[in-house]
Amino acid sequence: RIQGVQTLSGTGGLRVMGELLWKHGHKHIYVPNPTWGNHIPIFKNSGLEVRKYSYYNVATSDLDFDLMVKDIQEMPEGSCILLHACAHNPTG
């Protein structure tokens with residue numbers, strides 16, 4: 001399943017989503033490594049355990065697509081994943 005929430009801001013949206021996930025029985029969320037500095041505390045303060053998946057290849061300064069897909073395929077069924085549609089630092 002895919003879920004979405006429309007909110008006033010990115011930070012507020014993440015907090016609302018974290019609360020919704022927690023209230024509906026989810027215990028963890030996967031975020032890209034690296035991610036924005038505020039993402040981990042937002043989700044932890046929502047009650048979720050934060051786990052990371054591969055995203056960035058330091059050697060090439062680019063998305064490590066193959067490793068990202070591998071990590072996602074290895075996640076437990078029903079896992080929640082934060083995907084960046086845009087504005088992901090350092091990859092843009």
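The values are calculated or read from the model by the stated rules, or taken from the named source; none is laboratory data. Small disclaimer: the values here were computed from a predicted structure and weren't measured. Neighbour counts run over all protein chains shown; Cβ positions are idealised from the backbone, glycine included. Side chains are part of the model used for accessible areas, which takes the heavy atoms of the whole protein and leaves out ligands, DNA and RNA. Shrake-Rupley method; radii C 1.70, N 1.55, O 1.52, S 1.80 Å.
Give the residues of the stretch 26-40 that are open to solvent by less than 50 Å² (accessible area, probe 1.4 Å) and either touching a residue at least 12 places away in the same chain (Cβ under 8 Å) or not β-branched (Val, Ile, Thr) (or both), sorted by residue number. Correct list: His28, Ile29, Tyr30, Val31, Pro32, Pro34, Thr35, His39. Residues that are surrounded by 14 or more Cβ atoms within 10 Å (Cβ to Cβ), of a type in the set (A, V, I, L, M, F, W, C) and over 26 Å from Arg15 (Cα atoms) within the stretch 64-89 comprise just one, Leu67.
Quick one: which residue in Ile29, Ile2, Ile40, Ile72 is among the β-branched types (Val, Ile, Thr) and in contact with a helix residue (DSSP H, G or I) (Cβ under 9 Å, 6 or more places away or on another chain)? Outline the logic, then answer.
Numbers: Ile2 fails: in contact with a helix residue (DSSP H, G or I) (Cβ under 9 Å, 6 or more places away or on another chain); Ile40 fails: in contact with a helix residue (DSSP H, G or I) (Cβ under 9 Å, 6 or more places away or on another chain); Ile72 fails: in contact with a helix residue (DSSP H, G or I) (Cβ under 9 Å, 6 or more places away or on another chain).
Among Ile29, Ile2, Ile40, Ile72, only Ile29 is among the β-branched types (Val, Ile, Thr) and in contact with a helix residue (DSSP H, G or I) (Cβ under 9 Å, 6 or more places away or on another chain).
Within the stretch 58-73, being part of a loop (DSSP other than H, G, I, E, B) and out of contact with any strand residue (DSSP E or B) (no Cβ under 9 Å at 6 or more places or on another chain) holds for Val58, Ala59, Thr60, Ser61. Number of residues in the stretch 9-57 that are of a type in the set (Ser, Thr, Tyr), in contact with a Phe, Trp or Tyr (Cβ under 7 Å, 6 or more places away or on another chain) and outside any strand (DSSP E or B) equals 1.
Close contacts from the stretch 1-22, counting a first residue that is at pLDDT below 90 and a second that is aromatic (Phe, Trp, Tyr) and open to solvent by less than 70 Å² (accessible area, probe 1.4 Å), with Cβ to Cβ under 6 Å and a gap of 6+ residues or different chains, come to none at all.
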